[in-house]
Amino acid sequence: MKCMDAIKESLICHSLKKRSKNRKYTREEAERYVLPDDAGSEYNNSYYFSAHDLSGMSLFCRLGQRGGKSADEVWFAFADKKNRYNLKQQLFENDIPLKVRCLEPGSAWQVEFTGFLEDAKTKKNVEAAFSGIFRSDEPIFDFSYDMDPRPMAKTIAKAKWTKAFFKELSENNQTHYEQGGRLEGTFTISGVKKKISAPCIRDHSFGKRSWDYMNMHMWLAALDENGKTINFSMVSYPALDEIWVGNTNIAGGNHKSVIGHEMRTDIRNNNLGQNTVKAIVETADKEKYVITAERTDVFDYVFDGGKYHLYEGLGNFTINGKPARGIIEFGFNDDESRWRK
């Protein structure tokens, strides 16, 4: 590492640690956050729930509320070894089919869906509903305040520091946190009820989010049979290229930041994402996890009028040889020159 980069990294680490002590939102305020009335369309308040079990069942949903009276972004999908159902419409201005509500900050959320899903076999829309509760006694992991600052500091240190650079960073900052737990409820499809009880990870993010601002991203989120999680992601922006972050609570129950990684897969090979991903990640306390991910299904989502494509993949994982299931997510800007290397 160059001497100047080391100095810059140290300065950024100090700044990030200082910020973590001056939290802008309390946990309860963040959980009950509502977009301001004057928020523009570039501002987002997003809720995501993703449940998976080792039998092959997956259910995920997302409600992305937008300011400026813009249409909300909605996902809902269910899959098991025999069936696949997906909400084809992605933008809703009225009659939002997905509703989420905080019952107890950091502990319980209600998730309700009523609408029509496309049956992958018949290509016909069928009536569907879901009513469930996400519950957790796991700690929340806030990427702004709980993450080890070294990976972010290393990325910022490599960039060219200008007033415009720091202005761009501050304007695109957002709150983003995740929590593992369990989702329990009833999924009804064509009048047939299915009980759901599975490990689940949720995330909540709010702030400025322009999909077209992103060059590309990858996110791996795996849950084992006990509901323990491992998250590992990379995102590339015009201002900052390849921010690699992650966390796990597999060992010991407390969240540990990922500070090092070795990718064994070329994740920039195309604009669809890889069906097989292999990586080794290392936490701040020197624990190493060998991750393999095999994508078994994928759902395509389009943002900003086709400027950004996101592929939400379902998959089977191994974590140091032990089975898990979860999400293999890729996103690519339509401008290939922004991510191709």
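Side notes on the structure shown:
- Any hit, region 201-210, residues being under 26 Å from ALA153 (Cβ atoms) and over 16 Å from the mean Cα position of the chain (by Cα): no
- Verdict on ASN320 being over 24 Å from PHE76 (Cα atoms), out of contact with any strand residue (DSSP E or B) (no Cβ under 8 Å at 6 or more places or on another chain) and without any contact (Cβ under 8 Å) to a residue 40 or more places away in the chain: no
- Of residues in region 147-203 being of a type in the set (Ser, Thr, Tyr) and farther than 30 Å from GLU118 by Cβ, the one modelled with the lowest pLDDT: SER170
- Those residues of region 12-32 which are open to solvent by 40 Å² or more (accessible area, probe 1.4 Å), at pLDDT 80 or above and either within 19 Å of SER46 (Cβ to Cβ) or not in a loop (DSSP other than H, G, I, E, B) (or both), in sequence order: TYR25, ARG27, GLU28, GLU29, ARG32
- Counted residues, region 166-181 - those being in contact (Cβ under 8 Å) with a residue 60 or more places away in the chain and of a type outside the set (S, T, N, Q): 5
Here's the yes/no breakdown for (1) assigned to a loop (DSSP other than H, G, I, E, B); (2) open to solvent by 10 Å² or more (accessible area, probe 1.4 Å); (3) aromatic (Phe, Trp, Tyr); (4) without any contact (Cβ under 8 Å) to a residue 40 or more places away in the chain:
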| position | (1), (2), (3), (4) |
| --- | --- |
| VAL34 | yes, yes, no, yes |
| SER41 | yes, yes, no, yes |
| TYR47 | no, yes, yes, no |
| SER50 | no, no, no, no |
| LEU54 | yes, yes, no, no |
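- Among (1) over 18 Å from GLU28 (Cα atoms); (2) without any contact (Cβ under 8 Å) to a residue 12 or more places away in the chain - the single one ARG101 does not satisfy: (1)
- Region 206-225, residues that are part of a strand (DSSP E or B) and either closer than 20 Å to HIS261 by Cβ or in contact with a Gly (Cβ under 9 Å, 6 or more places away or on another chain) (or both): LYS208, MET216, HIS217, MET218, TRP219, LEU220, ALA221, ALA222, LEU223
- Inter-residue pairs, beta-carbon under 6 Å, first over 15 Å from TRP244 (Cα atoms) and in region 263-289, second of a type in the set (Gly, Ala, Ser) and loosely packed, with under 15 Cβ neighbours inside 10 Å, 6+ apart: GLU287/ALA251
The values are calculated or read from the model by the stated rules, or taken from the named source; none is laboratory data. This is a predicted model, so every value here is computed, not measured. Cβ sites come from the backbone with ideal geometry, for glycine too, and all protein chains shown count toward neighbours. Heavy atoms of the whole protein, side chains included, go into the accessibility calculation; ligands, DNA and RNA do not. Shrake-Rupley method; radii C 1.70, N 1.55, O 1.52, S 1.80 Å.
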